[in-house]
Amino acid sequence: LENYTLHLVADRFPVNAFMPLLGVGEISATLDADGHGYNPFAKTMRLDATLDVTKAIYQKYDYADISANAHLADGHADIRLESKNPNAVLTLDADGNLDGDTYSWTASLDGRHIDLQALSLSPTKAVLATTLDATVAITPKDNEIGAKLTLNSLTYDTDPGTTVLKNIVARLNANDSVTNISAGNGDLYAFLSSESSLDTIMARMTGLSGVIDNEIATRTINVERIQQALPPFNLDITAGSDNLITDMLADSKTTFSSLHITAANDSSLSLSAALLGLGTPSMRLDTITFDLAQYADKLIFDGRVENRPGTFDEWAHVRLDGYMADNTLGIQINQQNIQGKEGYDLGLKAELNDSTLRLMLDPIDPTIAYMPWTVNDDNFVTWSFAHKHLDANLHMHSDKSSLAIYTDHVEGDDDHQEALVVNISDINISDWIRLNPFAPPITGKLSADIQVSGEGTDINGDGTITLSDFFYDRQKVGDIRTDLKVSTDLAGRIRAGADLMIDGQKTIT
């Protein structure tokens with residue numbers, strides 16, 4: 001009874017008629033098998049099997065011209081899968097033992113042409129070709145695993161461009177008490193170590209997704225809960241100027257000299273990163289650093305940019321400081337030029353309480369475009385997600401300019417949206433856009449008087465925006481004035497209109 005032969009022919013077998021949720025349609029295939037025994041882990045079993053697929057519909061694509069061969073004897077198995085499908089031309093070979101305490105297998109893949117879009121696996125163009133080799137040894141009774149993956153080559157062709165990677169080696173070694181993962185390519189080396197088994201890590205990551213889902217649902221950031229959900233680990237990444245990262249950045253002509261990242265989760269979370277010699281076609285930054293540290297329920301982070309004279313003199317010294325705790329996020333940015341003169345010193349605080357987001361400027365004496373400003377100490381802009389209600393009380397001014405955004409809110413009246421008033425007086429736009437070092441050369445003084453109110457889907461408002469003495473790319477455009485009006489009629493139709501005048505002459509309506 002343990003000797004058997006099998007010849008199975010399926011002609012347009014309707015799998016979807018029995019299991020419609022699998023996404024599998026009709027299958028036409030032939031299976032031939034000759035063997036002895038039924039337990040693949042016994043040395044006495046012998047099997048020779050051939051499968052030819054002439055039609056297999058999955059997600060409305062026909063995976064035709066696929067064959068597989070399997071040979072098993074004396075506890076050793078050889079498997080070969082070959083696809084001549086025009087959108088999945090590949091060969092997969094694998095062999096290893098099914099007998100003994102340790103299972104040792106090798107595999108190689110030659111994917112000559114795999115069109116993921118044609119296979120309905122990608123909504124956009126995605127064609128890849130790859131060759132890779134893998135080895136793995138598993139000892140189940142000791143819960144030990146050792147694996148090595150060598151990506152010899154990978155070409156990935158998409159609409160933005162083609163990515164070419166080669167000679168990437170990754171390793172995994174794990175047992176009951178430790179898991180080590182490493183990867184190397186060129187002068188890139190990454191090493192992740194955890195004093196946990198691989199099973200524990202996978203369980204922790206599954207639990208982490210639930211914690212993150214809860215954080216999103218409650219709109220909070222519980223740093224301690226996230227830290228405790230993560231498995232313990234140590235991560236170290238170093239890279240120079242010749243590796244897969246620089247290969248992927250080559251099309252954008254972005255380069256760097258060196259990169260170093262360390263991160264850990266033991267009793268707290270921490271991260272430290274340094275990037276040296278970052279260059280693009282339009283700029284160069286000498287040193288970029290970023291550090292993050294957990295203190296109880298708070299994450300503290302700070303970033304730095306430091307440049308030598310002649311590199312990026314206007315942004316020679318940049319500091320980004322901040323913290324994250326429970327429902328609060330605070331950020332402050334400070335910029336100085338090469339002479340040490342402070343150009344920007346701005347701070348923003350965001351709080352989320354009872355489905356209401358509250359934004360505040362802090363400190364109230366910021367520096368903007370090398371000019372001192374003053375902000376009211378009770379400034380805020382709030383948005384209620386529950387009532388879709390906006391309130392604001394922001395008044396700031398310098399010696400010649402001012403900006404005000406406010407509503408006349410009636411406490412307890414969240415059902416009625418008061419008018420939002422925006423008043424701007426003599427804002428020199430070239431000062432404000434200098435926060436963006438890549439902004440175009442624009443000068444002019446901006447003033448505005450706008451009032452908008454909303455009630456449900458109704459929007460009503462009017463206002464005037466003026467840009468005087470406007471220059472673009474050092475060419476004078478003139479004085480620009482725009483009159484705006486928006487209203488909602490009784491039928492719910494929104495009507496909007498604008499008159500644009502240049503030097504007093506109506507130009508566009």
Point to revise | the chain: relative contact order in percent, alpha carbon pairs under 8 Å with at least 6 residues between | key: 4 percent
Study note, to complete from the structure: For the range 42-155, shape from the Cα gyration tensor axes a ≥ b ≥ c, cut at a/c of 1.5 then a/b versus b/c, turns out oblate
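Once you charge only the Cβ atoms, +1 for Lys and Arg and -1 for Asp and Glu, what is the size of the charge dipole of the chain about its Cα centre, to the nearest 20 debye?
Working: 36 positive and 73 negative charges, 239 e Å.
Dipole size: approximately 1140 debye.
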Exercise for review: Please give the calculated 222 nm ellipticity per residue for the chain, where each DSSP H segment of at least 4 residues contributes -39500 (n - 2.57) and the sum is spread over every residue; nearest 500 deg cm²/dmol?
Suggested key: -2500 deg cm²/dmol
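Provide the per residue accessible area, probe 1.4 Å, for the chain, rounded to a whole number of square angstrom.
57 Å²
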Exercise for review: Could you list the square roots of 5 times each eigenvalue of the Cα gyration tensor of the range 344-408, that is, the equivalent ellipsoid semi-axes, sorted largest first and rounded to whole Å?
Suggested key: 25, 13, 7
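Nearest 5 is fine: what % of DSSP beta bridges in the range 217-311 come out antiparallel, could you say?
100 percent
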Review point. Along the charge dipole of the chain, Cβ charges K/R +1 and D/E -1, which of I338, H397, I145 sits furthest on the positive end?
Key: I338
**Study point:** Summed side-chain charge close to H71 - residues other than H71 whose Cβ falls under 12 Å, Lys, Arg +1, Asp, Glu -1
**Key:** -4
Exercise for review: May I ask you to evaluate 6.51 cos²θ - 1.76 cosθ + 1.60, the Karplus curve with θ = phi - 60°, for each residue of the range 488-496 and list the ³J(HN,Hα) values in order in whole Hz, giving x for glycine and proline?
Suggested key: 10, 7, 5, 7, x, 7, 9, 10, 10
Revision key, fill the gap. Sequence order, the range 443-454: Karplus ³J(HN,Hα) from phi using 6.51 cos²θ - 1.76 cosθ + 1.60, θ = phi - 60°, Hz rounded, Gly and Pro as x, gives 9, x, 10, 9, 9, 7, 9, 10, 9, 10, 10, x
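Summing Lys, Arg as +1 and Asp, Glu as -1, what charge do residues with Cβ under 14 Å from the Cβ of L490 carry, L490 excluded?
Residues close to L490 contribute a combined charge of -1.
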Exercise for review: If a/c stays under 1.5 just call it rounded; otherwise compare a/b with b/c (prolate if a/b is bigger, oblate if not). Do that for the range 381-509, with a ≥ b ≥ c from the square roots of the Cα gyration tensor eigenvalues.
Suggested key: oblate
Check your understanding: Tally Lys and Arg at +1 and Asp and Glu at -1 over the other residues with C-beta under 15 Å from the C-beta of T54: what net charge comes out?
Key -> -4
Point to revise | Estimated dipole of the range 372-461 in Debye, rounded to 20 [Cβ of Lys and Arg +1, of Asp and Glu -1, Cα centre] | key: 720 debye
Revision key, fill the gap. Interchain or sequence-distant (5+) residues whose placed amide H lies within less than 5 Å of the amide H of Y370 are Y344
Review point. Taking all protein chains as present, what is the carbon and sulfur share of the accessible area of the chain, in % to the nearest whole number, probe 1.4 Å?
Key: 58 percent
Point to revise | the range 39-148, relative contact order in percent, only Cα pairs under 8 angstrom and at least six apart counted | key: 18 percent
Review point. So how strong a dipole does the range 265-376 carry about its Cα centre when Lys and Arg Cβ are +1 and Asp and Glu Cβ are -1, to the nearest 20 debye?
Key: 300 debye
Exercise for review: For helix 198-218, report the angle its Cα long axis makes with the longest principal axis of the Cα atoms of the chain; keep it between 0 and 90° and round to the nearest 10°.
Suggested key: 30 degrees
Check your understanding: What shape does the range 177-334 have by the C-alpha gyration tensor, where a ≥ b ≥ c are the square roots of the eigenvalues, rounded means a/c under 1.5, and otherwise prolate means a/b greater than b/c and oblate the rest?
Key -> oblate
**Study point:** Mean separation of Cα contacts under 8 Å (6+ apart) over length of the range 15-82, as relative contact order %
**Key:** 28 percent
Check your understanding: Each residue of the range 316-327 in order: what ³J(HN,Hα) in whole Hz does its phi give by Karplus 6.51 cos²θ - 1.76 cosθ + 1.60, θ = phi - 60°, with x for Gly and Pro?
Key -> 5, 9, 10, 10, 10, 10, x, 8, 9, 8, 6, 10
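The values are calculated or read from the model by the stated rules, or taken from the named source; none is laboratory data. No experiment lies behind these values; they were computed from the predicted model shown. Because the Cβ atoms are built from the backbone with ideal geometry, glycine has one as well, and the counts that use them run over all protein chains shown. To get the accessible areas, we keep the full protein, side chains included, count just its heavy atoms, and leave off ligands, DNA and RNA. Shrake-Rupley method; radii C 1.70, N 1.55, O 1.52, S 1.80 Å.
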